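Novice: Okay, here's the structure, questions in a sec.
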Amino acid sequence: MKKLLLFVDRTSTFVGHFFAWSILALTGLISWEVFSRYVLNVPHAWVLDAQIMLYGVLFMMAGAYTLAASGHVRGDVLYGFFPPRLQAGIDLVLFIVFFLPGIFALTYAGWTYANESLAINEQTFSPEPLPLYPFKFVIPVAGFFLLLQGLVEIARCVICLREGAWPSRVADVAEVDVDMLKQMVHVKDEDIAKLDEYVVREPAGKDGP
């Protein structure tokens, strides 16, 4: 079971990393349009639509990856102090009551909208229109990966309730761990305290001591 969970984690991570490259395409497109518009005086009406769609792809397809990395925003003022089993119980209720219905609705409605868009060959409202249905198909695809990763998170909650500890997840790039950084550069707290003694302070003033 845990191998299956990690496999889904890796899949979500791969999808997130793959579509993260769209930021380079977005940056290149914006840079080229700025040059074309202000240097060559040749603007393109379709570029704005393409920028919006590229950003939408980047945002939507990062959802499952963010969930796999436990990176979504949560109000954990008290949650972080709870024991693992209580955390798992809260997460399980929230996943079942809110996450699953919402993501299922997103996926189902997105599939419907995408097929309707394809049927009418929907295009953007622009002097130089772009086809819109490929972008709309991103909605159900992103919903599918989110739903798959959500089922994995539910399984993790069940395992934690049974074993009393959270199962492992795939490690990826994370924020800098200050304690780990201290160990890597061999810096101790007392060394930092000694440095504080040499901090240059502003003089109290001409009339001061």
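Novice: Output the peptides 100-107, 54-61 sorted from most to least packed, where packing is the average of other Cβ atoms within 10 Å over each peptide's residues.
Specialist: By packing density, highest mean first, the sequence is 54-61, 100-107.
Novice: Can you give the extra length, in nm with one decimal, that the chain gains between Phe7 and Tyr79 once fully stretched, where that is 0.36 nm per residue apart less the Cα-Cα distance?
Specialist: Extending this stretch completely gives an extra 23.2 nm.
Novice: For Glu122, list long-range residues whose amide hydrogen, built 1.01 Å from N in the peptide plane, is under 5 Å from its own amide hydrogen.
Specialist: Leu132, Tyr133
Novice: Right, next: Take the Cβ-Cβ distance between Phe144 and Ala25 as r, set R0 to 22 Å, and report the resulting FRET efficiency rounded to the nearest 0.05.
Specialist: 0.45
Novice: As an exercise, identify the chymotrypsin sites (Phe, Trp or Tyr not before Pro) in region 105-155 lying in DSSP coil whose Cβ has no more than 14 other Cβ atoms within 10 Å.
Specialist: Phe125
Readers should treat all values here as calculations from the given coordinates under stated rules, not as data from a laboratory. Everything quoted here is computed from the prediction, not taken from an experiment. Positions of Cβ are backbone-derived with ideal geometry, glycine not excepted, and every protein chain shown enters the neighbour counts.
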